[in-house]
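I have placed the structure first, in the form of C-alpha cells, so that the comments after it can refer back to it.
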Amino acid sequence: MKTHVFLIASALTAGLVAYVVVSFLTSQINSGDTVVVGDEVLLPLPSKITRLTVEEAILLRKSIREWRREPITIVQLSMLLWASQGIVEDAGFGWYRRAAPSAGATYPVEVYVVVGEKGVRVGEEEFLKAGVYKYDYMKHSVRLVKEGDVRVDLWRASLRQDWVRDAPITIVLCAIYERTTGRYGERGIRYVHMELGHVGQNIYLVATALDLGTVAIGAFYDEEVAKVISSARNERPLYLFPVGVPREPHRATFEELSRLYERLRRGSRATDLEPRGDYESEIRIHLAPDS
Ligand SMILES: Cc1cc2nc3c(=O)[nH]c(=O)nc-3n(C[C@H](O)[C@H](O)[C@H](O)COP(=O)(O)O)c2cc1C
C-alpha cells in the first residue's frame, strides 16, 4: 500500500515538474507570430508588408544617422534579418537559396543583432530582452548569446559614431572566410567582400521600404566588435548596420529627379545646397579611422 502511495506521489510530482518546465520553455509572448522558447525567439515569418516598388526604394535609400527615440518592431526586425540571410527557396539537394547571392553558394555570412533596452517592440508593452542575438536562417529565429544592453560598448568599438550608440538595434555582419576561400583560394576573399555588399544593400532597401533608416559602418575595431558580440574566432565582423526610425523622413520623387537630370544634361552642375553636416563628420571618420 505504502509503495503504491509513494509511486503515485512520485508520478504526480514528476508530472508537475514536467508541466512547469514545458510551460516555462514554451512561454509565448502573445504578439502575432512571435514565439519565445527559452533563449530562442522564433520570428514572425516574412511576408509582403511594404508598398514601395524596388525603384522607389532605390530612389529613397540614403544613409541615415539620426533616429527618433523609438523602438523598431519585431516584424521589422524579422524582415531585416530575412533580407540579409533568410531563405527564399528550397533549391533541392539540401540547398536553401538565400536572399542574397553567394559565390558557389558557400554562404560565408553570419548575422548578429545588438538589441538595446526597449529597442524592439514585441507586444503592446513588451520588448525583446536587450542583448546580442545570433540569426538562425534555417529557423528564421534569433538566439540570445549575451544578455544586456551593449550599445555603448559597440559605440566605443566603432570609433564613437553616435548613430551606433543611439540606434535601437545594430545588425553586425560577420564572415567565415574559410567557407569561401576553401573553394576559391585567395580569390574567395574578394568574393566574401562582394557578398557583404549585396547583403548590405538588401538591408538598406528593406529598411527604406519599412520607413526605417540605416547606415553602413565600415570604420570600427574588428577585435573590439568581436568581443562585444561574443562571436566565434573564425567569425570576422565586417559590416555594421545600425537601424532605427529616422528623425526626418527622407522624401524624393522621380519628378524632382527628372528636373535634376535635365539640369545636369544642360551642363549646369551648381546646386544651392549646403554641404551636409553628417557628411563632414563621416569624411573625418574615413580619413582618420584610428583616431
Ligand atoms: C564600405 C562602406 C563603409 C562605410 N563606413 C561608414 C562609417 O564608418 N560611418 C559612416 O557614418 N558612414 C559610412 N558609410 C556610409 C557612406 O559614407 C555613405 O554611403 C556615403 O556618404 C553615400 O551616402 P548615401 O549612402 O546616403 O548615398 C560607409 C559606406 C560604405 C559603402
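The values are calculated or read from the model by the stated rules, or taken from the named source; none is laboratory data. These numbers were taken from a predicted model, which means no experiment stands behind them. Don't worry about glycine lacking a Cβ; one is built from the backbone with ideal geometry, like all the others, and counts go over all protein chains shown.
Every residue in the stretch 31-55 that is within 21 Å of Val88 (Cβ to Cβ), surrounded by 14 or more Cβ atoms within 10 Å (Cβ to Cβ) and not β-branched (Val, Ile, Thr), please. Leu42, Leu43, Pro44, Pro46, Leu52, listed by residue number. Quick check: anything in the stretch 244-252 touching a Gly at 6+ places or on another chain (Cβ under 6 Å) and surrounded by 11 or more Cβ atoms within 10 Å (Cβ to Cβ)? So far as the stretch 244-252 goes, yes, one or more of its residues are touching a Gly at 6+ places or on another chain (Cβ under 6 Å) and surrounded by 11 or more Cβ atoms within 10 Å (Cβ to Cβ).
I want to confirm something. Restricting to the stretch 137-152 and keeping residues that are surrounded by fewer than 18 Cβ atoms within 10 Å (Cβ to Cβ) and not small (Gly, Ala, Ser), which single residue is nearest to Leu43 (Cα to Cα)?
The selected residue is Lys139.
Of everything in the stretch 83-96 that's free of Cβ contacts under 8 Å to residues at least 60 places away in the same chain and either surrounded by 15 or more Cβ atoms within 10 Å (Cβ to Cβ) or in contact with a His (Cβ under 9 Å, 6 or more places away or on another chain) (or both), which residue is farthest from Ala167 (Cα to Cα)? So, considering only residues that are free of Cβ contacts under 8 Å to residues at least 60 places away in the same chain and either surrounded by 15 or more Cβ atoms within 10 Å (Cβ to Cβ) or in contact with a His (Cβ under 9 Å, 6 or more places away or on another chain) (or both), the one farthest from Ala167 (Cα to Cα) is Tyr96.
Pairs are defined by a Cβ separation below 7 Å, a sequence spacing of at least 6 or placement on different chains, a first member in the stretch 60-74 that is over 23 Å from Glu255 (Cβ atoms), and a second member that is near the ligand (Cβ under 8 Å from one of its atoms) and modelled with pLDDT under 95; the pairs so defined are Arg65/Asp278.
Taking the stretch 24-48 as the range and being modelled with pLDDT under 95 and of a type in the set (A, V, I, L, M) as the test, the residues that pass are Leu25, Ile29, Val35, Val36, Val37.
One line per residue, one yes/no per condition, for (1) touching a residue at least 40 places away in the same chain (Cβ under 8 Å); (2) touching a Pro at 6+ places or on another chain (Cβ under 8 Å); (3) aromatic (Phe, Trp, Tyr):
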| residue | (1), (2), (3) |
| --- | --- |
| Tyr137 | yes, no, yes |
| Val142 | yes, no, no |
| Gly148 | no, no, no |
| Arg156 | yes, no, no |
| Arg160 | no, no, no |
| Trp163 | yes, yes, yes |
| Ala167 | yes, yes, no |
| Tyr177 | yes, yes, yes |
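Here's a check for you: in the stretch 153-198, which residue that is among the small types (Gly, Ala, Ser) and buried (at least 18 other Cβ atoms within 10 Å of the Cβ) is farthest from the chain's Cα centre (by Cα)? Across the stretch 153-198, the extreme among qualifying residues is Gly188. Considering the stretch 157-203, the residues that are among the β-branched types (Val, Ile, Thr) and farther than 22 Å from Ile229 by Cα include one that is nearest to the ligand (Cβ to nearest atom), namely Ile189. Of all residues in the stretch 214-233, those satisfying the criterion of being within 12 Å of the chain's Cα centre (by Cα) and buried (at least 20 other Cβ atoms within 10 Å of the Cβ) are Thr214, Val215.
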